[in-house]
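Heads up, the thing below is written out as structure tokens.
The values are calculated or read from the model by the stated rules, or taken from the named source; none is laboratory data. These numbers come from a predicted model, not from an experiment. Methodologically, a virtual Cβ is constructed for each residue, glycine included, from the backbone with ideal geometry; neighbour enumeration extends over all protein chains shown. To get the accessible areas, we keep the full protein, side chains included, count just its heavy atoms, and leave off ligands, DNA and RNA. Shrake-Rupley method; radii C 1.70, N 1.55, O 1.52, S 1.80 Å.
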Amino acid sequence: MDYLNELNPVQRRAVEHVEGPLLIIAGAGSGKTRVLTYRIAHLLKFHQVQPYKILAVTFTNKAAREMKERVSKVVGFRGEQVWVNTFHSTCVQILRQYADRLGYKRNFQIFDSVDQQAVIKDCLKDLNMDPKKFDPRAILGSISKAKNELITYEQYNEEAIDFWEQMVAKVYEKYQKKLFQNNAFDFDDLIMATVTLFQQNPDVLERFQDRFQFIMVDEYQDTNHAQYVLINLLAQKYRNLCVVGDEDQSIYSFRGADIRNILDFEKDYPEATVIKLEQNYRSTKKIIAAANS
């Protein structure tokens, strides 16, 4: 329990919170990574939670790696058994087990941006569209935005209003069918396909709800709609969801991040505990004052 002595009273309250939803408002330099790390360690050491019952989600592989290393330093090898992943790597591991429920083979490919552009160009060729007039990257951007909103090509086609959207709808449909023929997902598909898997297969969803009874999400203010739906599907049975973020630090709006996800957390979970980490350990008072102004 020595690690608790390293925390201030507010940080310690967040670490020792166990049951029920928890919103941690954490400003820059307030020790949120330490709080998340020690909260995982506390669940393992003090409450005897099995490591495979914990899911911690971050936005980068580097952050996930660092968090797992820090947990392992406190609790030893059991820390290695905690699922500390990005959203996308979490979904890959789930789909590797159940992609066949969606008609894919489990050894599916994941297409990168180069693969995606090649497929889009093939689609444009099939549709007799000139890639010089219709930029493949712009089309991919529109498709990516739709997937982050969990909009299928059928829905996109129904809602298309102007010429551009109608054109994207045609490409989106052909593009998705080509991915399926190649037993491939693109990056945005990973979350959308996992949400679809859960929505169409209640038994699979319940299996992972029972698996991940304690869920923690870092930088919650940067989640998009697809990520929001995914996390809330997983958390709806046990409601032990801890999210950390700060509405003033959202940086991914260009990727579809929806600030309402963190602002509305208390509407989604009326019984939530809210803890604010306001002490900044990283910056001087002058820097903090300047930043706030």
Does Gln93 count as farther than 17 Å from Met216 by Cα, in a helix (DSSP H, G or I), in contact (Cβ under 8 Å) with a residue 40 or more places away in the chain and not acidic (Asp, Glu)?
no
Residue selected from segment 37-62 under the condition in a helix (DSSP H, G or I) and out of contact with any helix residue (DSSP H, G or I) (no Cβ under 8 Å at 6 or more places or on another chain), by the criterion nearest to Ile110 (Cα to Cα):
Lys62
If you go through segment 171-192, how many residues are surrounded by fewer than 20 Cβ atoms within 10 Å (Cβ to Cβ), in a helix (DSSP H, G or I) and either small (Gly, Ala, Ser) or more than 23 Å from the chain's Cα centre (by Cα) (or both)?
6
Residues in segment 39-94 that are surrounded by fewer than 20 Cβ atoms within 10 Å (Cβ to Cβ) and small (Gly, Ala, Ser) total 4
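Each row is one residue, and each column tells you yes or no for (1) exposed (fewer than 14 other Cβ atoms within 10 Å of the Cβ); (2) in a helix (DSSP H, G or I); (3) under 19 Å from the mean Cα position of the chain (by Cα); (4) at pLDDT 95 or above.
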| residue | (1), (2), (3), (4) |
| --- | --- |
| Cys123 | no, yes, no, yes |
| Ser142 | no, yes, no, yes |
| Lys147 | no, yes, yes, yes |
| Glu154 | yes, yes, no, yes |
Of the criteria (1) over 20 Å from His88 (Cβ atoms); (2) open to solvent by less than 40 Å² (accessible area, probe 1.4 Å); (3) outside any helix (DSSP H, G or I), which one Val243 fails:
(1)
Kindly indicate whether Lys53 is among the charged types (D, E, K, R) and under 23 Å from Ser89 (Cβ atoms).
yes
Mind checking which residues of segment 251-289 are modelled with pLDDT of 65 or more, within 18 Å of the chain's Cα centre (by Cα) and hydrophobic (A, V, I, L, M, F, W, C)?
Ala257, Ile259, Ile262, Leu263, Phe265
Of the residues in segment 193-224, how many are assigned to a helix (DSSP H, G or I), open to solvent by 40 Å² or more (accessible area, probe 1.4 Å) and under 26 Å from Lys68 (Cα atoms)?
4
Out of all the residues in segment 86-96, is one or more of a type in the set (D, E, K, R), at pLDDT 95 or above and closer than 25 Å to Asn183 by Cβ?
yes
In segment 40-59, what residues are touching an Asp or Glu at 6+ places or on another chain (Cβ under 9 Å) and farther than 21 Å from Glu16 by Cβ?
Val57, Thr58, Phe59
